[in-house]
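Participant: Mind having a look at this structure? Questions to follow.
The values are calculated or read from the model by the stated rules, or taken from the named source; none is laboratory data. Fair warning: this is a prediction, and the values are worked out from it, not measured in the lab. Please note: Cβ atoms are built from the backbone with ideal geometry, for glycine as well, and neighbour counts cover all protein chains shown. Accessible surface is based on the protein model in full, side chains and every heavy atom, while ligands, DNA and RNA are left aside. Shrake-Rupley method; radii C 1.70, N 1.55, O 1.52, S 1.80 Å.
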Amino acid sequence: MMSEIILEMKAISKSFPGVKALDKVDFRLRKGEIHALMGENGAGKSTLIKVITGVYEKDSGQIDLDGRSIHFRSPQEAQKSGIGTVYQEITLCPNLTVAENMFTGRSRSPFVQWKKMNEKAARLLDSLGIPAVPTQELTSCSLAVQQMIAIARAVDMDCKILILDEPTSSLDDDEVKKLFELMAQLKERGVGIIFITHFLEQVYEICDRITVLRNGKLIGEYETSSLPQIELISKMMGKELDDVTKIKKQDSTASDKSVPVFESSNLSSDAGVRPFDFTIKKGEVNGFAGLLGSGRSESARAIFAADKVTGGEVKMNGKAIKIKTPLDAMKNGIGYLPEDRKGDGIIADLSVRDNIILALQVLKGFFKPFSPLQAETFANEFIKKLNIKTPTPDTPIKSLSGGNQQKVILARWLLTHPEYLILDEPTRGIDIGTKVEIQKLVLELAEKGMSLTFISSEIEEMLRTCSRMIIMKDREIVGELSGSDLSESDVMNVIARGGN
């Protein structure tokens, strides 16, 4: 079997300041196989791929390609050695033709031989069964065909290994089928394919083997046929204990007969989440649970109108309201801490103080600014209340640790005194001590009557904070658990079955 191995990585380690992204990880890829690389956010998948392709240099370990030790210092070196990568975001030029996208930048001659290029493109497209014409603009092709053209470009570069990073995330079922047909063709030609996806059904449909990473460590390598889906979910999530200890407990103010603080009916958005019904009571902590890509974040964003709302009705305290924009949500007492702290949360160059008062200033209006004394008072209050470690309120928020940045965003919303607060991955990428602080704060806020939705890729902390969990899979709700049914094994069973 060793002769079939085209890529072997041994004891690969990679660290960044404060983070061990990969910890002595092994990975093997065989010629002519489709190999799934699985793991939740922060597992180390992207780092491993970037080490393979020369984006990052490994700290230690060995990489063998075709039995020879290699050390790529750039993606260009990896490409020349036959490693092609197609990312989730297509990196082609929409204003160029199909043929130009396939071959531009790969000729040493300054003169383009158009006829020869188009003929070569036509042969390659035909051989791979890609429904495109070399002379048509890329923008006229569907997203799936654009993805295939990106693959064709990689394959034509004497590709031995093809890495596909979430290639199906924006494709419909028919487009996925066409892509899988192309992958099967490449497999028959002997190309080794590394397939990264969050759709479990696709893994079991197309992949020969699975490697699972968690928290930068190798959990194991498995034959797909011998790894039941529920075991894969367990390995990805990290089931550490049979009986998860819970630190909660709320629901003291929530009752089955009380009017929900917030409720939606057939709510949908342009982010692809399927229409869903949802309620939350006063003083309740509930959560959207599911694997990466299940639709948990999209559902939260739909509630807050962070994505364009395309349908449905919502009520606050039994009264019908319209929420078409985040400002509408804020005016109705809803706050939202986004999943992407750096992209959607902090304003990096502003001070801690200005980040804290931002949401309240939006509600008040920018033409009615707070006085310096008011702003300083608000900032000092929450720096003390949330134990935010910062030299001064004037310190740029980008200078703070991830955990303290997260506390600043929490302070921003708490300053608006929301009736309902949505927290999407509030503890991702922060130290364990701060995680516990935030979890305890969530429960304290619920005890005081605030309603909270808590979303996390770590099932254990959801069990510690939530009294009710809405289970999602493939961007729709497939179940709901509470009370004695709220356990790690029950959650994973519902995800695996796709329903109760």
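Participant: Mind counting the residues in the stretch 280-306 that are outside any helix (DSSP H, G or I) and either more than 19 Å from residue 323 (Cβ to Cβ) or open to solvent by 10 Å² or more (accessible area, probe 1.4 Å) (or both)? Working first, answer last.
Facilitator: First, the residues of the stretch 280-306 that are outside any helix (DSSP H, G or I): 280-295, 305-306.
Next cut, either more than 19 Å from residue 323 (Cβ to Cβ) or open to solvent by 10 Å² or more (accessible area, probe 1.4 Å) (or both) only: 281-285, 287, 289-294, 306.
Adding up the residues that qualify gives 13.
Participant: Filter the stretch 444-467 down to residues that are surrounded by fewer than 19 Cβ atoms within 10 Å (Cβ to Cβ) and at pLDDT 90 or above and give me whichever is nearest to residue 260 (Cα to Cα).
Facilitator: Across the stretch 444-467, the extreme among qualifying residues is 449.
Participant: Would you be able to say whether some residue in the stretch 189-201 is surrounded by fewer than 18 Cβ atoms within 10 Å (Cβ to Cβ) and hydroxyl-bearing (Ser, Thr, Tyr)?
Facilitator: no
Participant: Quickly run through the stretch 338-352 and pick out the residues that are in a helix (DSSP H, G or I) and either closer than 24 Å to residue 298 by Cα or open to solvent by 40 Å² or more (accessible area, probe 1.4 Å) (or both).
Facilitator: So the first thing to find is which residues in the stretch 338-352 are in a helix (DSSP H, G or I), and the list is 341-345, 352.
Passing the criteria: 341, 342, 343, 344, 345.
Participant: Looking at the stretch 53-60, is at least one residue surrounded by fewer than 15 Cβ atoms within 10 Å (Cβ to Cβ), polar (S, T, N, Q) and more than 22 Å from residue 160 (Cβ to Cβ)?
Facilitator: Checked against the condition, which is being surrounded by fewer than 15 Cβ atoms within 10 Å (Cβ to Cβ), polar (S, T, N, Q) and more than 22 Å from residue 160 (Cβ to Cβ), the stretch 53-60 yields at least one hit.
Participant: Can you give me the number of residues within the stretch 341-369 that are among the acidic types (Asp, Glu) and more than 20 Å from residue 309 (Cβ to Cβ)? Explain how you work it out, then say what you get.
Facilitator: Within the stretch 341-369, the subset among the acidic types (Asp, Glu) is 344, 349, 354.
Now narrow it down to the ones that are more than 20 Å from residue 309 (Cβ to Cβ): 349, 354.
Within the stretch 341-369, residues that are among the acidic types (Asp, Glu) and more than 20 Å from residue 309 (Cβ to Cβ) number 2.
Participant: If a residue has to be free of Cβ contacts under 8 Å to residues at least 12 places away in the same chain, open to solvent by 80 Å² or more (accessible area, probe 1.4 Å), over 19 Å from residue 417 (Cα atoms) and not aliphatic (A, V, I, L, M) to count, how many in the stretch 369-391 make the cut?
Facilitator: 2
Participant: Here's a follow-up. Scan the stretch 354-362 and tell me whether some residue there is in contact with a strand residue (DSSP E or B) (Cβ under 8 Å, 6 or more places away or on another chain) and either at pLDDT below 90 or open to solvent by less than 60 Å² (accessible area, probe 1.4 Å) (or both).
Facilitator: Keep residues of the stretch 354-362 that are in contact with a strand residue (DSSP E or B) (Cβ under 8 Å, 6 or more places away or on another chain), which gives 359.
Still in the list and also either at pLDDT below 90 or open to solvent by less than 60 Å² (accessible area, probe 1.4 Å) (or both): 359.
Within the stretch 354-362, one or more residues are in contact with a strand residue (DSSP E or B) (Cβ under 8 Å, 6 or more places away or on another chain) and either at pLDDT below 90 or open to solvent by less than 60 Å² (accessible area, probe 1.4 Å) (or both).
Participant: Failed condition for residue 338, given (1) touching a Gly at 6+ places or on another chain (Cβ under 8 Å); (2) without any contact (Cβ under 8 Å) to a residue 24 or more places away in the chain, with all others met?
Facilitator: Every listed condition holds for residue 338 apart from (2).
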